[in-house]
Amino acid sequence: MSKYIELTARLIQAGKRAYGRKWSFLGFFFVVFFSSVGVLGSLDLLPEVSSVSVVAAPALTASTTTSARVEAPAPMVAELPTKIAIPAIGLSATIANPTTVDIKILDQALLKGAVRYPTSAKLGETGNVVLFGHSSYLPVVRNQAYKTFNEIQKLVAGDLVTVSSSGTAYTYRVRSVTKESANNAAIPLQVSGRVLTLATCDTFGAKSDRFVVVADFVERHSISI
């Protein structure tokens with residue numbers, strides 16, 4: 001310990017001598033400073049520097065929210081019906097679309113399957129799509145078109161009916177099944193919403209009792225051709 005004190009005293013005396021020589025003062029200052037640091041360090045008198053851990057700030061990333069693109073359904077377009085299917089009664093038939101209300105032409109079309117009444121709505125339109133078809137319960141029927149709408153009276157509310165165009169299937173749900181008398185055989189064509197009406201028909205030329213099924217539009221979807 002006495003050695004360090006003696007060394008410090010010598011440095012002080014040297015400093016006094018060096019102070020008179022200004023050119024040497026700067027060098028003397030650095031020598032004194034580093035010597036003092038060395039002395040304090042050997043005596044373990046220097047303050048400890050606590051370690052500081054630096055945590056890097058998380059990088060900001062741009063979050064991109066990608067929402068699933070939902071395609072809006074294509075707008076309704078008027079389409080002619082070409083087929084009808086009712087799984088509940090095993091019905092499957094083609095649909096003719098005459099462009100005239102001439103009774104003879106309509107009756108001829110009935111001999112080939114179901115017939116859309118010309119002035120009724122088309123698929124996709126607001127209004128009543130009216131389809132007629134023969135029904136016959138004779139034991140022997142050569143022309144199967146006479147049995148096109150057989151059993152429609154057995155449908156119940158909730159049964160599904162599918163009427164298709166060339167590329168789209170339209171689904172309807174049965175609302176009611178009634179038997180209309182000859183005195184009340186008129187079927188309204190102008191209705192609110194999209195409605196499907198099925199009716200049995202002996203001929204377009206005379207009033208007769210008939211079964212009438214009314215169904216409401218549910219949905220439509222594309223079909224492969």
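Among the residues of segment 135-149, those that are modelled with pLDDT under 95 and either within 16 Å of PHE211 (Cβ to Cβ) or assigned to a loop (DSSP other than H, G, I, E, B) (or both) comprise SER135, SER136, TYR137, LEU138, PRO139, VAL140, VAL141, ARG142, ASN143, TYR146, LYS147.
Of all the listed residues (LEU91, LEU131, LEU110, LEU123), the sole one being in contact with a Phe, Trp or Tyr (Cβ under 6 Å, 6 or more places away or on another chain) and of a type outside the set (Val, Ile, Thr) is LEU123.
Scanning segment 172-225 for residues that are in a strand (DSSP E or B), among the small types (Gly, Ala, Ser) and free of Cβ contacts under 8 Å to residues at least 40 places away in the same chain yields one hit, SER176. Total residues in segment 161-170 satisfying the condition of being closer than 17 Å to ALA114 by Cβ and either in a strand (DSSP E or B) or among the aromatic types (Phe, Trp, Tyr) (or both): the figure is 6. The single condition among (1) crowded, with 17+ Cβ neighbours inside 10 Å; (2) at pLDDT 95 or above that THR126 does not satisfy is (1).
The values are calculated or read from the model by the stated rules, or taken from the named source; none is laboratory data. If you're wondering where the values come from, they're calculated on a predicted model, not measured in any experiment. Because the Cβ atoms are built from the backbone with ideal geometry, glycine has one as well, and the counts that use them run over all protein chains shown.
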